[in-house]
Amino acid sequence: MSEPIQAALHQHFGFDTFRPGQKEVVGRLLNGHSAAAVFPTGGGKSLCYQLPAILLPGVTLVVSPLIALMKDQIDALAVRGIAAQRLDSTLDAEAYRGVMEQVRRGELRLLYVAPERFNNERFREAVRSIRISLFAVDEAHCISEWGHNFRPDYLKLAGFAREFGAERILALTATATERVLEDICCGFDIAVECAVRTGFYRSNLTLLTTPVEENERDSRLLAALHERPPGSTIVYVTLQKTAEAVAQRLQADGFPARAYHAGMKDDVRGSVQDWFMGSDRAVVVATIAFGMGVDKADIRYVYHYNLPKSLENYAQEIGRAGRDGEPAICHTLACLDDLNVLENFVYGDTPDAEALQGLIEELFGFEGEFGVNLVGLSNKHDLRPLVVRTLLTHLELEGYLQGGTPYYADYLFKPLMTSGEILQQFEGERRTFLADLLHQAVKARTWYHIDPAAAATALGTDRERIVRALDWLGEKQMLEIKVTGIRHRYRLIGKLDDTAALADALHQRVVKREAAEITRLHQVIELVARDGCQTAALAAHFGETLQQPCGHCSWCLDGKIELPERREHRIQPESRSDVQKLVREDEAAKILQRPRALARFLCGVSSPGVSRAKLAKHPLFGVMAGVPFREVLEWIEESEAALCG
């Protein structure tokens, strides 16, 4: 490694040596190659793009879904004198303008954005003109359908990197099986020899499993917390309401505990995170919304109050413990009753064949270029928005649709000076154009409304000029701009003769993914009930072979554990007449006529249709939550004639 690189490592980060894998990744990037880094949580992935960002010209664009990571890293970089900013949903219009002005002036070394930011046409236009020396993608396993946290926005990132002329790509993840790493390298066009994987196993983590009945979970957790020395602690739960309830229970027993989940306001979550970061004994009871990107080295305990939903999630969550190299305990309270809720999350995302058929018929009923509102499609076909986005992405990648730049259907503006004051700053055609544009606006109480597409038609110009003009006036603080009604633009490629065949192919795809997710759940059960070293089995899942048992997991310490059986909840005989009445009610009949939709409702799994019709307040919503979803669905399908007759 050259002297300037070693000097930069010491000067900016205070390190004299690299951690395992970092030197190889940084070297490949600085030699002009794209690379992949698969390091365990806390293994130093961020340095692999932060150090090159200092040494390369242009800007390093870091794509991450984690606001917490952005915030922590930017604060740390500022202390080191490295110019970095973020664009996320917490920024107001003025802060957004300030960051983009820094980007245009070339003042930033790193810019952090969420993958969804590329749906913003103003952002895409802005970054098109800047030099992107490095395009770093965190949580890169999200590109893979076979990863544990597939996100459709990730599938398009490689295309954006090429579109914006990114000179090299770095894909980073802590949790990639061999198959997922192959997908990452293929998707981002990374040579196999430029994929660097370090060891997964960490000898300072003790992995413990205690089998519990559902009603004894609180007492077991409290006993464990009391018998161990105080230390920074995360307790992972599945549901937001569980996070609140457990935090209150711990507080009542004298522990400094707070809840954290995605349903809380941003400022409240930020406060909890800051409190946790500043304490050496705080206990955060959290859903998986917490911990991703939180750089706290001295977490001594990670408890799983509920089962994790996959080995990948488990590995990521326990990886937050003991990053300082000191001993840490990762303790799972294993109860098979958790499977119902976890399985329902999976089944709730799987659309039925009829819903897919309706979606395909609508999309291919358009001609040429068209724009769609994802929330509207979601509500109309009773599909979760993420499912709609995933299906549209598949149609793009398979050559049925061509995606265009998303756009906002409506612009709202509030003048910050009079129209006369605005126009006197321009001359000739530009002044005439702006005067005509402002006349297109319709005033409401405070804000003016303008439809860029309609204004473009009226003025005989293109929509892009309208948008550029409005954005420029906003940046110069002549107008305060708000945009609403994002629509996604697509163009049909060719003609589709058989919509039913395409809908069926998509349905087979989502059913296959559903089966894979259920398999992932049961891999967790196999691990905790394993007759063999659990640490070695977990390492093997990620491609690492331990030569001998670890000596510090439950199996090594106490031998094989026996899990209590999953409680049986049977469908009651009187349920048939209750459900018959339900499906004959006007609102319910529209939403719950298909077996899978009815099964979701009875198991307490909401959907856009259920929410819109306020059916979650119905007394039968969730009445079969204790029964496995597959049993409920089979009961409905067997009883369909009687239920609907």
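Restricting to region 506-537, name every residue that is among the β-branched types (Val, Ile, Thr), surrounded by fewer than 18 Cβ atoms within 10 Å (Cβ to Cβ) and more than 28 Å from residue 202 (Cα to Cα). Break it down stepwise before answering.
Start the filter on region 506-537 by keeping residues that are among the β-branched types (Val, Ile, Thr), which leaves 510-511, 518-519, 524-525, 528, 535.
Among the residues that remain, those that are also surrounded by fewer than 18 Cβ atoms within 10 Å (Cβ to Cβ) are: 511, 518-519, 525.
Result: 511, single match.
Considering only residues that are of a type in the set (S, T, N, Q) and at pLDDT 85 or above, which ones fall in region 83-128?
Our first condition is that a residue be of a type in the set (S, T, N, Q); within region 83-128, this holds for 85, 89-90, 102, 119-120.
If the condition is that a residue be of a type in the set (S, T, N, Q) and at pLDDT 85 or above, then 85, 102 are the ones that fit.
Restricting attention to region 390-407, report how many residues are surrounded by fewer than 20 Cβ atoms within 10 Å (Cβ to Cβ) and at pLDDT below 90.
The qualifying residues number 11.
So that you can scan it fast, the table gives a plain yes or no per residue for (1) crowded, with 22+ Cβ neighbours inside 10 Å; (2) in a helix (DSSP H, G or I):
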site: 270; (1), (2): no, yes
site: 276; (1), (2): yes, yes
site: 279; (1), (2): no, no
site: 288; (1), (2): no, no
site: 300; (1), (2): no, no
site: 303; (1), (2): yes, no
site: 307; (1), (2): yes, no
site: 332; (1), (2): yes, no
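Suppose the filter is surrounded by 19 or more Cβ atoms within 10 Å (Cβ to Cβ), farther than 21 Å from residue 217 by Cβ and at pLDDT 95 or above; does residue 328 pass it? Talk me through it step by step, then tell me what you get.
Working: surrounded by 19 or more Cβ atoms within 10 Å (Cβ to Cβ): yes; farther than 21 Å from residue 217 by Cβ: yes; at pLDDT 95 or above: yes.
For residue 328, the condition - surrounded by 19 or more Cβ atoms within 10 Å (Cβ to Cβ), farther than 21 Å from residue 217 by Cβ and at pLDDT 95 or above - is met.
Quick check on region 269-283: of everything there that is touching a Phe, Trp or Tyr at 6+ places or on another chain (Cβ under 6 Å) and touching a residue at least 40 places away in the same chain (Cβ under 8 Å), which residue is farthest from residue 242 (Cα to Cα)?
If we take residues in region 269-283 being touching a Phe, Trp or Tyr at 6+ places or on another chain (Cβ under 6 Å) and touching a residue at least 40 places away in the same chain (Cβ under 8 Å), then 282 is farthest from residue 242 (Cα to Cα).
Could you check, for region 155-173, whether at least one of its residues is in contact with a helix residue (DSSP H, G or I) (Cβ under 6 Å, 6 or more places away or on another chain), at pLDDT below 85, under 29 Å from residue 408 (Cα atoms) and in a helix (DSSP H, G or I)?
Checked region 155-173: at least one residue is in contact with a helix residue (DSSP H, G or I) (Cβ under 6 Å, 6 or more places away or on another chain), at pLDDT below 85, under 29 Å from residue 408 (Cα atoms) and in a helix (DSSP H, G or I).
Go through (1) of a type in the set (Gly, Ala, Ser); (2) at pLDDT below 90; (3) surrounded by 15 or more Cβ atoms within 10 Å (Cβ to Cβ) one by one and return the number of the condition residue 494 breaks.
(3)
Identify all residues within region 247-285 that are of a type in the set (A, V, I, L, M), touching a strand residue (DSSP E or B) at 6+ places or on another chain (Cβ under 7 Å) and under 23 Å from residue 323 (Cα atoms); write none if there are none.
The first filter runs over region 247-285 and keeps only residues of a type in the set (A, V, I, L, M), leaving 247, 250, 252, 257, 259, 262, 264, 268, 272, 277, 282-285.
The next check asks that each one be touching a strand residue (DSSP E or B) at 6+ places or on another chain (Cβ under 7 Å); those that pass are 247, 250, 257, 259, 272, 282-285.
Those that are of a type in the set (A, V, I, L, M), touching a strand residue (DSSP E or B) at 6+ places or on another chain (Cβ under 7 Å) and under 23 Å from residue 323 (Cα atoms): 257, 259, 272, 282, 283, 284, 285.
Would it be correct to say that residue 69 is more than 19 Å from residue 164 (Cβ to Cβ) and either outside any helix (DSSP H, G or I) or in the same structural domain as residue 152 (by TED's automatic domain parsing) (or both)? So that I can check it myself, show each step before the final result.
Numbers: more than 19 Å from residue 164 (Cβ to Cβ): yes; either outside any helix (DSSP H, G or I) or in the same structural domain as residue 152 (by TED's automatic domain parsing) (or both): yes.
Yes; evaluated as a whole, the condition is true for this residue.
Residues checked against (1) assigned to a helix (DSSP H, G or I); (2) free of Cβ contacts under 8 Å to residues at least 24 places away in the same chain:
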{"site": "216", "(1), (2)": "yes, yes"}
{"site": "285", "(1), (2)": "no, no"}
{"site": "312", "(1), (2)": "yes, no"}
{"site": "326", "(1), (2)": "no, no"}
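Tell me, which helices (runs of 4 or more DSSP H) wholly within region 521-628 include 3 or more residues that are within 31 Å of the chain's Cα centre (by Cα)?
Values: elements: 534-541, 554-558, 575-584, 586-591, 595-602, 608-612.
Of the helices (runs of 4 or more DSSP H) lying wholly inside region 521-628, those with at least 3 residues that are within 31 Å of the chain's Cα centre (by Cα) span 534-541, 595-602, 608-612.
Looking only at residues that are charged (D, E, K, R) and not in a loop (DSSP other than H, G, I, E, B) in region 175-214, which one is farthest from residue 138 (Cα to Cα)?
Taking region 175-214 and keeping what is charged (D, E, K, R), we get 178-179, 182-183, 189, 193, 197, 202, 213-214.
Keeping just the survivors that are not in a loop (DSSP other than H, G, I, E, B) gives 178-179, 182-183, 193, 197, 214.
Values: 178: 18, 179: 18, 182: 16, 183: 15, 193: 20, 197: 15, 214: 36 Å.
Among those that are charged (D, E, K, R) and not in a loop (DSSP other than H, G, I, E, B), it is 214.
Just one of 594, 566 is surrounded by 16 or more Cβ atoms within 10 Å (Cβ to Cβ) and closer than 22 Å to residue 630 by Cα; which is it?
Numbers: 566 fails: surrounded by 16 or more Cβ atoms within 10 Å (Cβ to Cβ).
Result of the check over 594, 566: 594.
Return yes or no: is residue 181 farther than 22 Å from residue 50 by Cβ, modelled with pLDDT of 95 or more and of a type outside the set (Ser, Thr, Tyr)? Write out each step before concluding.
Values: farther than 22 Å from residue 50 by Cβ: yes; modelled with pLDDT of 95 or more: no; of a type outside the set (Ser, Thr, Tyr): yes.
Considered against the rule, which asks whether it is farther than 22 Å from residue 50 by Cβ, modelled with pLDDT of 95 or more and of a type outside the set (Ser, Thr, Tyr), residue 181 comes out as no.
Do we find that residue 532 is touching a Phe, Trp or Tyr at 6+ places or on another chain (Cβ under 7 Å) and modelled with pLDDT of 90 or more in this structure?
Judged against the criteria, residue 532 is a match.
Report every pair of residues separated by at least 6 positions or lying on different chains whose Cβ atoms are under 9 Å apart, first residue within region 111-139 and in a helix (DSSP H, G or I), second modelled with pLDDT of 80 or more and among the small types (Gly, Ala, Ser).
Once the first residue is in a helix (DSSP H, G or I) and sits in region 111-139, its partners that are modelled with pLDDT of 80 or more and among the small types (Gly, Ala, Ser) give 115/64.
List every residue pair whose Cβ atoms sit under 7 Å apart, with the two residues 6 or more apart in sequence or on different chains, where the first one lies in region 257-268 and is in the same structural domain as residue 218 (by TED's automatic domain parsing) and the second, anywhere, is part of a loop (DSSP other than H, G, I, E, B) and surrounded by 12 or more Cβ atoms within 10 Å (Cβ to Cβ).
Partner pairs satisfying both residue conditions: 260/289; 260/290; 261/287; 261/289; 262/287; 262/289; 266/90.
On the basis of being buried (at least 21 other Cβ atoms within 10 Å of the Cβ) and either among the polar types (S, T, N, Q) or closer than 30 Å to residue 524 by Cβ (or both), does residue 387 make the cut? Reasoning before the result, please.
Numbers: buried (at least 21 other Cβ atoms within 10 Å of the Cβ): yes; either among the polar types (S, T, N, Q) or closer than 30 Å to residue 524 by Cβ (or both): yes.
Taking the combined requirement at face value, the residue satisfies it.
Hey, among 481, 486, which residue is under 21 Å from residue 383 (Cβ atoms), part of a strand (DSSP E or B) and in contact with a Phe, Trp or Tyr (Cβ under 9 Å, 6 or more places away or on another chain)?
On the way: 481 fails: under 21 Å from residue 383 (Cβ atoms).
Checking each option against the conditions leaves just 486.
Quick one: residue 344 ticks every box in (1) of a type outside the set (Phe, Trp, Tyr); (2) in contact with a Phe, Trp or Tyr (Cβ under 7 Å, 6 or more places away or on another chain); (3) under 24 Å from residue 410 (Cα atoms) bar one, so which box is it?
Among (1) of a type outside the set (Phe, Trp, Tyr); (2) in contact with a Phe, Trp or Tyr (Cβ under 7 Å, 6 or more places away or on another chain); (3) under 24 Å from residue 410 (Cα atoms), residue 344 violates only (3).
Suppose we filter 287, 332 for residues that are in contact with a Ser or Thr (Cβ under 6 Å, 6 or more places away or on another chain) and hydroxyl-bearing (Ser, Thr, Tyr); which single one remains?
Numbers: 287 fails: in contact with a Ser or Thr (Cβ under 6 Å, 6 or more places away or on another chain).
Going through 287, 332 in turn, the sole match is 332.
Of the numbered conditions (1) buried (at least 17 other Cβ atoms within 10 Å of the Cβ); (2) at pLDDT below 90, residue 446 fails exactly one; give the number of that condition.
In the conditions (1) buried (at least 17 other Cβ atoms within 10 Å of the Cβ); (2) at pLDDT below 90, residue 446 misses (1) alone.
Of the conditions (1) surrounded by 14 or more Cβ atoms within 10 Å (Cβ to Cβ); (2) at pLDDT below 90, residue 602 fails just one. Which one is it?
Here residue 602 meets the rest and fails (2).
Out of region 435-460, which residues are of a type in the set (Asp, Glu) and more than 37 Å from the chain's Cα centre (by Cα)? Step through it out loud before you land on a result.
We begin by selecting, within region 435-460, every residue of a type in the set (Asp, Glu); these are 436, 451.
436, the sole residue that qualifies.
Give the residue that is nearest to residue 199 (Cα to Cα), with candidates limited to residues of region 328-365 that are among the small types (Gly, Ala, Ser) and touching a residue at least 12 places away in the same chain (Cβ under 8 Å). Before the answer, list the steps.
Taking region 328-365 first, the residues among the small types (Gly, Ala, Ser) are 328, 334, 348, 353, 355, 358, 365.
Then drop every residue that is not touching a residue at least 12 places away in the same chain (Cβ under 8 Å), which leaves 328, 334, 348, 353, 355, 358.
On the way: 328: 18, 334: 27, 348: 35, 353: 43, 355: 44, 358: 47 Å.
Looking at the filtered set, the residue picked out is 328.
The values are calculated or read from the model by the stated rules, or taken from the named source; none is laboratory data. Small disclaimer: the values here were computed from a predicted structure and weren't measured. As a convention, Cβ positions derive from the backbone with ideal geometry for all residues, glycine included, and neighbour counts pool all protein chains shown.
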